[in-house]
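Notes follow the structure.
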Amino acid sequence: MQKLRIGVLSTAKIGTEKVIPAMQQGRLTEVTAISSRSPDKARAAAEALGLEKHYGSYEEMLADPEIDAVYNPLPNHLHCPWSKKAMQAGKHVLCEKPLGLTVDEIEDLIRTRDQCQVKAAEAYMVKSCPQWIDARKRVRGGEIGELRMIQAFFSYDNRDPENIRNIVEVGGGAMWDIGCYPVLVSRFLYQSEPLRTAAAIDFDPVMKTDRLTSVILEFDRGQAIFGVSTQLVPYQRVQLLGSSGHLEVVIPFNAPNDRPCVLRYDSGTLVEEEIVSHSFEVMDQYTLQGDDFARAVLEGAEIKSSLEDGLANTRVIKAIFTAAAERRWVSI
Ligand SMILES: NC(=O)c1ccc[n+]([C@@H]2O[C@H](COP(=O)([O-])OP(=O)(O)OC[C@H]3O[C@@H](n4cnc5c(N)ncnc54)[C@H](OP(=O)(O)O)[C@@H]3O)[C@@H](O)[C@H]2O)c1
């Protein structure tokens, strides 16, 4: 079977620890090369992961004709610039979230994709994850009645000033790093764009990143409220509340790859034994994401997380920052 030959931009932690090993297990993906600003880091990563090739610069890897596609896990401010260079080198692109930090740079990337006639996707693994596909099917099928409220939390505690999450200039902060997920899943489940938003943000006084953010999104059919933080106890959960039922996504974003994901359903009971648990086959969401991307490139299947979808997500995030800064509802 033909596999998509993927090269990786940088020795980022998410790549070396999660996404590369996961794509090495893919039915349709093969990671053939890694690049780094440092030749030594590239060599060490290639050796540790058993990759065929390593490059001491991103440019050199993009010039390799034996690479079909690039996975881009660079810091957020480099997502669009390097995805654009990869496209101009004729490569398909799987780019980490958040796709871009401005509407303009994403619009430019969409134009480049079309000019270069390549395929591109944002690496929102939740769109490939069976628990989310199933949750959306249940919501659409009316299992909880009419979906009216989504409530989400996502937090971790990382105060390292050297970490990209804590550096404003490279796109750090809770909203860009993890707030993008509740925005995405709300739009995914309501299958529409929010009409307006209100938000409160507490900024770190030294690092200037948003470290504690609360958001309301108003959709035409319901609402979403969520909280994200970079300086709280690690926690994540999503509640979907309908007119007649409730679904809980127990580990919504860092879905485990060594035990089943679980969705919990109830129709209003407060008795633990009456709650129904749906378990899913053990899988790796990054393997599924890679295969979905490869299927789009190799077989013309639909892109699960398109650049247009990333653009819409970024528009919402921008409106959230404006709403918090100006202390008012902002239309989207
Ligand atoms: N989908 C997910 O589940 C998930 C999870 C975590 C992170 N992410 C996303 O993945 C991306 C990377 O996150 P990470 O935590 O893995 O990052 P990281 O470990 O800090 O890696 C970023 C890499 O980018 C390269 N780089 C190039 N210019 C840089 C600069 N100016 N400053 C810092 N690094 C620079 C470095 O690689 P070289 O030195 O080798 O060139 C560095 O190792 C982010 O966009 C994040 O949002 C996604």
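Quick notes
- The residues in the range 12-25 that are farther than 21 Å from E122 by Cβ and within 13 Å of the ligand (Cβ to nearest atom) can be counted, and the count is 0.
- Checked against (1) more than 16 Å from the ligand (Cβ to nearest atom); (2) closer than 22 Å to Q285 by Cα, I225 passes all but a single condition, namely (2).
- Test for L28: is it hydrophobic (A, V, I, L, M, F, W, C), buried (at least 17 other Cβ atoms within 10 Å of the Cβ), within 8 Å of the ligand (Cβ to nearest atom) and under 26 Å from T112 (Cβ atoms): no
- Taking the range 276-332 as the range and being aromatic (F, W, Y), under 23 Å from L212 (Cα atoms) and in a helix (DSSP H, G or I) as the test, only F321 passes.
- Taken as a whole, the structure places L62 among residues that are buried (at least 17 other Cβ atoms within 10 Å of the Cβ), within 14 Å of the ligand (Cβ to nearest atom) and under 22 Å from A121 (Cβ atoms).
- All positions within the range 76-127 that are away from the ligand (no atom under 11 Å from the Cβ), surrounded by 19 or more Cβ atoms within 10 Å (Cβ to Cβ) and polar (S, T, N, Q): S83, T112
- Within this structure, S277 fails the test of being polar (S, T, N, Q), touching a Leu at 6+ places or on another chain (Cβ under 6 Å) and on the phi < 0 side of the Ramachandran plot.
- Which listed residue, of P234, P252, is modelled with pLDDT of 95 or more and outside any strand (DSSP E or B): P252
- One residue from E193, E169 being out of contact with any Leu (no Cβ under 7 Å at 6 or more places or on another chain) and either buried (at least 17 other Cβ atoms within 10 Å of the Cβ) or in a helix (DSSP H, G or I) (or both): E169
The values are calculated or read from the model by the stated rules, or taken from the named source; none is laboratory data. Just so it is clear, the model here is predicted, and its values are computed rather than measured. Positions of Cβ are generated from backbone atoms using ideal geometry, with glycine treated the same way; all protein chains shown enter the neighbour counts.
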